[in-house]
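The values are calculated or read from the model by the stated rules, or taken from the named source; none is laboratory data. Model, not experiment: these values are computed from the prediction. Neighbour counts run over all protein chains shown; Cβ positions are idealised from the backbone, glycine included.
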Amino acid sequence: MIRMAILGASGYVGGELLRLCAAHPQLRATRLFGDSKAGQSVGAVHPHVAPAYRDAIVESWSEAALDGVDLVFAALPHGESKKLAGTILDRGIPFVDLGADFRLHDPADYERWYKEPHAAADLLPNFVYGIPELHRETIRGAKAVAAAGCYPTAAILALKPLVEAGMVEPTSIIVDAASGVSGAGRALKEGTSFNTVDGSFAAYGLLSHRHTAEMEQELGATILFTPHLVPMTRGILATCYGSATRSMNPDAPLQALRDAYADEPFVHVTADPPATKWVAGSNAVQLTARYDERTGRVLALSAIDNLGKGAAGQMIQCANLMLGLDEGAGLSNCGVFP
Ligand SMILES: NC(=O)C1=CN([C@@H]2O[C@H](COP(=O)(O)OP(=O)(O)OC[C@H]3O[C@@H](n4cnc5c(N)ncnc54)[C@H](OP(=O)(O)O)[C@@H]3O)[C@@H](O)[C@H]2O)C=CC1
Ligand SMILES: CC(=O)N[C@@H](CCC(=O)OP(=O)(O)O)C(=O)O
């Protein structure tokens, strides 16, 4: 049994981690940390997982509570894990962080996109960027992983094989992606309230969304990224375009994705345009791609569950690798439909 602590256990990602770990053969959530909900039972905070965590209580953070813990997951607001990472690393406990604090390798990129200097830049070299399909071997040997953001996971997995195959001009890439509202976290905000979101579809973060930097880092490309909020609970659909470097068969990009991900259990390449409902509740990624002869563009689409492959699922997949477990333990590659 692997005893794990979850920082941010009372949030949406924390709840999804608890749901997935309830079905994991080795991971057991033994210490659950929150902030404003500290002192409350899991039954009160996450009724959907209460049967699996009957007596569990959300605690306030204390370093001493890490005694006897074999794995730490952090799903905290940006900037919070920077304050705690040193302690966790000093103890040598495998650590998977889902915040943005350690995803960008260059502190200058962090300062540019997060509008403040990185307060723990000396710790950055400890972290591996957490997309297993791209960094499996380094994750396997790592003590600390910075799991990728949700939009970058969708866009990078769709584009990486096409950029690497030299099919797409790397300075021409456009990513339009739409997220379900759970991507914004559990706290009540006017911008994500029912009345604001229901029956509406809107873009935000024009030219400035911080996930642009992750996509550029991992793809070695220049990206124009526009996120959108869509009135659904879970899911991200990323539609990605780039100028083709040459004329090619319309299905050549689709074949490039099929070749790249032939052995990947969680990546499903399909000729049909993917839908978020196909991946809801799962760790799956559904991809398709085409070359459009008429416009000279390559088109790639990607669907993930922002709380699954975009968050908790990816964290568990990374932890499974770090701990030498079956990479797919506790994870499903089938969505919940209808
Ligand atoms: N939601 C998503 O789809 C995705 C989220 N992420 C990232 O994961 C992280 C968590 O996201 P999400 O679960 O949605 O967020 P939530 O807002 O739902 O949860 C945040 C969690 O952090 C705790 N918390 C808040 N402030 C502090 C603090 N100062 N110190 C310690 N704990 C604190 C909260 O505790 P309490 O509730 O008790 O106050 C809660 O448990 C964020 O960095 C987010 O950007 C990444 C990919 C996808
Ligand atoms: C719909 C929505 O608001 N999504 C969030 C991104 C979610 C995410 O988790 O990304 P990080 O881990 O990098 O914060 C946003 O655009 O800020």
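Points worth noting:
- Selection count where residues are in contact with a Phe, Trp or Tyr (Cβ under 8 Å, 6 or more places away or on another chain), within 11 Å of ligand 2 (Cβ to nearest atom) and within 21 Å of PRO274 (Cα to Cα), scope region 200-236: 6
- Count - residues of region 16-60 that are closer than 18 Å to LEU98 by Cα and either of a type outside the set (Phe, Trp, Tyr) or over 24 Å from the mean Cα position of the chain (by Cα) (or both): 12
- Only one of the numbered conditions (1) over 19 Å from LEU323 (Cα atoms); (2) under 24 Å from the mean Cα position of the chain (by Cα); (3) in a helix (DSSP H, G or I); (4) away from ligand 2 (no atom under 16 Å from the Cβ) is violated by ASP109, and that is (4).
- Taken over region 16-55, the criterion of being within 12 Å of ligand 1 (Cβ to nearest atom) and in contact (Cβ under 8 Å) with a residue 40 or more places away in the chain is satisfied by GLU16, LEU17.
- Contacts under 6 angstrom Cβ, first residue in region 192-220 being closer than 18 Å to ILE173 by Cα and aliphatic (A, V, I, L, M), partner within 16 Å of ligand 1 (Cβ to nearest atom) and modelled with pLDDT under 95, 6 or more apart: none
- The requirement of being surrounded by 13 or more Cβ atoms within 10 Å (Cβ to Cβ) and of a type in the set (S, T, N, Q) is fulfilled somewhere in region 106-129, by at least one residue.
- Residue count for region 281-316, restricted to those that are touching a Phe, Trp or Tyr at 6+ places or on another chain (Cβ under 7 Å) and under 25 Å from ALA9 (Cα atoms): 6.
- Looking across region 64-105, just one residue is out of contact with any helix residue (DSSP H, G or I) (no Cβ under 8 Å at 6 or more places or on another chain) and polar (S, T, N, Q), and that is SER81.
- Leading residue by the ranking (farthest from ASP263 (Cα to Cα)) among those in region 94-142 that are free of Cβ contacts under 8 Å to residues at least 40 places away in the same chain and of a type in the set (Val, Ile, Thr): VAL128
- Of the criteria (1) crowded, with 24+ Cβ neighbours inside 10 Å; (2) not assigned by TED's automatic domain parsing to the domain that holds MET232, which one VAL298 fails: (2)
Condition check ((1) of a type in the set (Ser, Thr, Tyr); (2) in the same structural domain as MET215 (by TED's automatic domain parsing); (3) within 23 Å of PHE102 (Cβ to Cβ); (4) away from ligand 2 (no atom under 11 Å from the Cβ)) across all residues:
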residue: TYR129; (1), (2), (3), (4): yes, no, yes, yes
residue: ALA142; (1), (2), (3), (4): no, no, yes, yes
residue: VAL163; (1), (2), (3), (4): no, yes, no, yes
residue: PRO170; (1), (2), (3), (4): no, yes, no, yes
residue: SER179; (1), (2), (3), (4): yes, yes, yes, no
residue: LEU188; (1), (2), (3), (4): no, yes, no, yes
residue: GLY191; (1), (2), (3), (4): no, yes, no, no
residue: PHE194; (1), (2), (3), (4): no, yes, no, yes
residue: VAL197; (1), (2), (3), (4): no, yes, no, no
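- Tally, over region 301-334, of residues that are in a loop (DSSP other than H, G, I, E, B) and buried (at least 24 other Cβ atoms within 10 Å of the Cβ): 3
- Qualifying residue in region 82-90 (condition: assigned by TED's automatic domain parsing to the domain that holds GLY313, within 16 Å of ligand 1 (Cβ to nearest atom), assigned to a strand (DSSP E or B) and β-branched (Val, Ile, Thr)): no
- Among residues that are among the charged types (D, E, K, R), outside the structural domain of ALA280 (by TED's automatic domain parsing) and under 18 Å from the mean Cα position of the chain (by Cα), ASP122 is not included.
Here is a yes/no grid of residues against (1) surrounded by 16 or more Cβ atoms within 10 Å (Cβ to Cβ); (2) of a type in the set (Val, Ile, Thr); (3) in contact (Cβ under 8 Å) with a residue 12 or more places away in the chain; (4) in contact with an Asp or Glu (Cβ under 8 Å, 6 or more places away or on another chain):
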site	(1), (2), (3), (4)
THR233	no, yes, yes, no
GLN255	no, no, no, no
ASP263	no, no, no, no
VAL269	yes, yes, yes, no
GLN286	yes, no, yes, no
